[in-house]
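What follows is one structure encoded as structure tokens, with my remarks underneath.
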Amino acid sequence: MSNKYHFPAGNTMLQSLAGSFKLIKDPIGYLSIEMEKFSGTYSGFMPDKGRVIVTQNSDFVNYVLRENHTNYKKAKLDTDVVAKQLGTSLLFVNRDDWRRQRRLIQPAFHHASIHKLYETVISTINTQIANFPQGEQIDVYPLMRKLSFSVLINSLFNIDMSSQMTDELFRAFVELQAFMTKDVLQPFRRLLYPLTGEEKKLIKQWDGIRDMLRGIVALRRADETGHNDLLDMLLNARYEDTGQGMSEEQLISELLILLFAGHETTGSTLSWLLYLIASNHQVYEKLMSTIEKTDMLDSPRDSYINAIINEGMRLYPSVWINERVALQDDQFGGFSFPAGTSILTYIYGMHRSESYWENASAFNPERFLTPEGVIDKNIKNYFPFGAGPRMCVGNNFAMAEMAFVLHAIFKTFHISTTGATPKEWPLLTLRPHEVILEIKKR
């Protein structure tokens, strides 16, 4: 590497190799130690990327994701490994393709559009929680994940879908996540796919899922009745330059990623929130007081409920680390690096840094409120949905859904802890591993 570049201080290739075993075993623990050692930004080496930069510095993160975002693209992991199964949806494309697709899809997720879905979302939530097990200790993560999936299914396809079809779709996404997680953490497994047939089996399963979605889309195209759902909005969307709609394959890819990313991230966040609220008596009591005087339909507009959700996402951001690749040589804060350098923005570390947050490890929703008790719009160093133009397109929908779920669950059930602390599972997203809580009907 030419001496003309000035990377941050960090680890040598040998040190990085030695640390890689710790990184795989305990990513958050390892990165937290490195961040403290190198004051929030360091460089290291990765076998498939060369020299990389890892940072939780808020200004650096903001520079990469917002200020100079045009010089950065999504990482190869996102665009190749994951997109191989889900297709080239908005989440994975870069530059002009992304900009064109974003303009097409974004109107479906504006506040005015998602308000039309509220009745469907609320009905689905109430139906799901009516079937929750009661009076026992249970891992709530599978419940929250299935609930979030059902909300998305009904919001996308406002039709009478059989429970068998819904369960088949849900199982397919669970299996896909398990496969992709192993694919990312153990890339050497790819060499064995021709022998094991594992990938071939998955591809066959997903061909069947795509055929199922094509059938739903075909029926919808032939039906002139409005269904007031996301599929209608996506089918009616038109590109600005051609006036044409999405191709069928593009539409299928967008539906797949909405189902995959939407239910997994929301399900994880809701699981963390239930644990955090149940563990904090003061927050629990204030939430109950809020719910008693707030109609469920109004919960997405309630400042305290939003503050609780924001604080939960600060402590446990689903997208706990982001990767961007520099398209041209760049520099920031005295550092300089060449095109092709991967920048890993460590969102989890930034959200828990004492440099940015007082008593950073504490669950304190009040930090997101002004003295007048309304949501503080000027909070910095906070990126739960990403940042800049590539911020999650479904953030408004996710926030509303989580507000509805919290209102419904705590109005219906008493949730208490069991003494078990959930383990963090930082995979493609930050998942909880076993959130054991006790659920009792009020």
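Below is a table of values for the structure above.
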item: Gyration tensor verdict on segment 56-441 (Cα atoms; rounded if a/c is under 1.5, prolate if a/b is larger than b/c, oblate otherwise); result: rounded
item: Kirkwood-based shape ratio for segment 288-341, expressed as Rg/Rh from alpha carbons; result: 1.36
item: Ratio Rg/Rh, restricted to segment 342-442 and using Cα atoms, in which Rh is the Kirkwood radius; result: 0.98
item: By average C-beta atoms within 10 angstrom, highest first, the peptides 371-380, 306-315; result: 306-315, 371-380
item: FRET efficiency, residue 282 to residue 70 (Cβ-Cβ, R0 45 Å, nearest 0.05); result: 0.50
item: Segment 123-183: projected area of the alpha-carbon convex hull, averaged over directions, in nm²; result: 5.0
item: Packing-based ranking, highest mean first, of 433-439, 274-280, 419-425 given that Cβ atoms within 10 Å are counted; result: 274-280, 433-439, 419-425
item: Positive-end extreme of charge dipole, the chain - chosen from 384, 267, 373 (charges on Cβ); result: 384
item: Extension gain, residue 168 back to residue 378 (0.36 nm per residue minus Cα-Cα distance, nm); result: 71.3 nm
item: The chain: calculated mean residue ellipticity at 222 nm from DSSP helix runs of at least 4, using -39500 (n - 2.57); result: -15500 deg cm²/dmol
item: Span from the segment 290-308 Cα centroid across to the segment 252-275 one, whole angstrom; result: 21
item: Burial ranking of peptide ranges 257-270, 40-53 (average Cβ count within 10 Å, highest at the top); result: 257-270, 40-53
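All of the numbers you see were taken from the coordinates with simple rules; none came from a lab. This one's a predicted model, so the numbers in the text were calculated from it and none came from an experiment. Quick reminder, even Gly has a Cβ in these numbers, built from the backbone with ideal geometry, and neighbours come from all protein chains shown.
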